[in-house]
Amino acid sequence: DQQVKQNSPSLSVQEGRISILNCDYTNSMFDYFLWYKKYPAEGPTFLISISSIKDKNEDGRFTVFLNKSAKHLSLHIVPSQPGDSAVYFCAASARFRDDKIIFGKGTRLHILP
Amino acid sequence: GAVVSQHPSWVICKSGTSVKIECRSLDFQATTMFWYRQFPKQSLMLMATSNEGSKATYEQGVEKDKFLINHASLTLSTLTVTSAHPEDSSFYICSARVRFQLTPQKAFFGQGTRLTVV
């Protein structure tokens with residue numbers, strides 16, 4: 001049972017435009033959410049996170065939005081740059097329960113020139 | 001930032017042999033380490049959680065006798081794939097952190113180990 005779902009396996013976006021990656025979760029115990037960027041044969045690199053007490057967190061070109069009622073979060077990258085091409089993983093944890101980090105299947109982002 | 005070193009980066013072994021993968025936290029003490037496995041084009045699947053000095057907790061469906069995890073110190077955890085078979089070929093990643101660490105990153109990941117069993 002997939003607790004963290006990324007329903008788009010891939011996404012192509014023109015350079016300079018906004019990239020929006022979506023993520024849904026099913027476990028209402030999750031209270032902390034993270035986005036990671038990953039290249040093949042490497043470990044994930046942390047990008048940005050958000051606590052369930054917030055609905056938005058921004059860090060440079062990256063913004064994460066959280067809609068708790070819909071159990072949905074999204075990562076916005078603007079403007080998109082060629083170096084953003086990678087696989088992006090959404091992850092979630094229940095900090096005061098078992099605190100494990102559970103990953104979605106990832107979305108491969110292609111930034112087109 | 002904190003560094004987690006995983007060794008080896010890749011390994012090829014013969015079917016039936018055992019392989020040990022090390023995960024070290026280089027500049028912090030990790031009371032908790034997590035081991036993940038990633039199949040091609042799939043998610044990072046959590047295999048087990050290990051706390052220093054205690055037995056690892058395995059996720060459902062993960063054979064604990066096949067994937068032996070040891071967390072003997074605050075800076076080192078090892079994953080041993082015993083009697084490896086071709087279906088064990090995968091990308092294994094560890095992560096390390098202080099439990100309930102209230103920092104944005106929460107966990108620091110190693111660079112992963114590509115295991116190929118022939």
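Only the coordinates and a few stated rules stand behind these numbers; no lab work does. These numbers were taken from a predicted model, which means no experiment stands behind them. When we count neighbours, we look across all protein chains shown, and the Cβ atoms used for this are built from the backbone with ideal geometry, even at glycine.
Students often forget the sequence filter, so: which lysines lie under 27 Å Cα-Cα from residue A:71 once same-chain residues fewer than 8 apart are removed? Hits, sequence-local ones excluded: A:5, A:37, A:38, A:54, A:56, A:100, A:105, B:41, B:106.
Computed over the protein assembly as shown, the range of Cα coordinates on each principal axis works out to 50, 38, 35 Å, biggest value leading. From largest to smallest, the equivalent ellipsoid semi-axes obtained for chain A from the alpha-carbon gyration tensor read 23, 15, 12 Å.
Which whole-number percent of Cα pairs in chain B have a distance greater than 26 Å?
Here the tail beyond 26 Å accounts for 14 percent of pairs.
Each of A:99, A:59, B:65 was scored by other Cβ atoms within 10 Å of its Cβ. Listed from fewest to most, they are B:65, A:59, A:99.
Of A:39, A:32, the sequence from fewest to most neighbouring Cβ atoms within 10 angstrom is A:39, A:32. Note on region A:4-113: with charges restricted to the Cβ of Lys and Arg (+1) and Asp and Glu (-1), its dipole about the Cα centre is near 220 debye. When Lys and Arg each count +1 and Asp and Glu each count -1, what net charge do the other residues less than 10 Å away from residue A:71, Cβ to Cβ, add up to? Residues near residue A:71 contribute +1 overall. Of the residues A:98, A:24, A:1, the one with the fewest other Cβ atoms within 10 Å heads the list, and the complete ranking is A:1, A:98, A:24.
Of the residues A:64, B:36, B:90, the one whose Cα sits farthest toward the positive end of the charge dipole of the protein assembly as shown, with +1 on the Cβ of Lys and Arg and -1 on the Cβ of Asp and Glu, is A:64.
Other residues with beta-carbon under 13 Å from the beta-carbon of residue B:78 carry, at +1 per Lys or Arg and -1 per Asp or Glu, a net charge of 0. With the simple model of a label 7 Å out from the Cα in the direction of the Cβ, residue A:11 to residue B:2 spans 2.8 nm.
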